[in-house]
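So the structure is just underneath, and the comments pick up after that.
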Amino acid sequence: YRSAHEADAKQAIDLLVRFRTGQANESDLLDFVRDRDRRLQLEMDSANFNPFFTRTLTKEFPESKFILTVRDCFSWVNSAINQLLNNPNSTGPWFMWRNTIFGELKDCVYSEQETILRDNQIWNLDCLFSAWAEHYNIVLESVPNEKILLVNTLELQKSGNMIAEFLGVSPETLNLSGAYAYRTPKNYDLLAKIDQDFVNSRAQQHCDALMKRFYPKS
């Protein structure tokens, strides 16, 4: 399959940053999506920033299908913190993207329990957990239920048959061996070093509805 990961990342992020700050509109998103499709002709496209294009993609490509990898809010936030700590000097579009999805770091107000985040120049839990919720909500609100498949990230590698059935392709044509190819080199586990009652309270405020939807038996 003709596929790509984070295709045209710089252009996509630049556009989304401008869109979220009112400097670009829906028409600009549509022009970008159309141009990228003409140039790359992708059958499969994955990217961290794709949720913010889903509304445009569903309108432009009504037959398209979406696979949304689901990760609980706690491990997602811990992973985000690890990404930030392992790549502290990110510049250019990815630096702008951080400030777009989490908010401006300089504007963060920290509770007493979040000292370790402040000292490591990491966004507070309100910013992190609300980013998790937005990431999923924007997709679920934009894509018709019959066009989306939720796949637990931890079960991705063994979900080939389910994905193939959803896409209407043969399981033998899918290669999931690289499902976990991009791992952070070090797990700092900062989330575990914060008072867990406080962590749970922040998670519940921002993520409770989605967590109950994704993990109804938990």
Quiz item: Which net charge results when you count Lys and Arg as +1 and Asp and Glu as -1 among the other residues whose beta-carbon is under 13 Å from that of LEU125?
Solution: -2
Practice problem: Just grab the label-to-label distance for ALA4 and MET162, each label 7 Å out from Cα along the Cβ direction, in nm (one decimal). | Solution: 2.9 nm
Quiz item: When only C-alpha pairs under 8 Å and at least 6 residues apart count, what is the relative contact order of region 78-162, in percent?
Solution: 22 percent
Practice problem: Report, in whole Å, the centroid distance computed from the Cα atoms of region 57-129 and region 1-29. | Solution: 17 Å
Exercise. Check each of the chymotrypsin sites (Phe, Trp or Tyr not before Pro) in region 117-218 and keep only those in coil by DSSP with at most 11 other C-beta atoms within 10 angstrom; list them in order.
Key: TYR180, TYR182
Self-check item: Separation in nanometres of the label points that stand 7 Å from Cα toward Cβ, at GLU155 and PHE95
Solution: 4.1 nm
Quiz item: Hey, with R₀ at 41 Å, roughly what FRET efficiency would LYS217 and ASP37 work out to, going by the Cβ-Cβ distance, to 0.05?
Solution: 0.55
Practice problem: Express the relative contact order of region 55-209 as a whole percentage, based on alpha carbon pairs under 8 Å and six or more residues apart in sequence. | Solution: 40 percent
Self-check item: Under 27 Å from the Cα of LYS158 - lysines, other chains or at least 8 residues apart
Solution: LYS65, LYS147, LYS186, LYS212, LYS217
Quiz item: Of all the stretches in the chain, which is the longest one without any exposed loop site, taking GluC sites (Glu not before Pro) in a DSSP loop (any state but H, G, I, E, B) with at most 15 other Cβ atoms within 10 Å?
Solution: 105-218
Quiz prompt | Estimated distance in nm for a label pair at LEU85 and LEU140, the labels positioned 7 Å out from Cα along Cα-to-Cβ | solution = 2.9 nm
Quiz item: Can you list the cysteines of the chain that have no other Cys Cβ under 4.7 Å away?
Solution: CYS108, CYS127
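None of the figures in this text is laboratory data; all of them are computed from the coordinates on show. The model shown is predicted, which means the values in this text are computed figures rather than measured ones. Glycine gets a Cβ as well: all are built from the backbone with ideal geometry, and neighbour counts include every protein chain shown.
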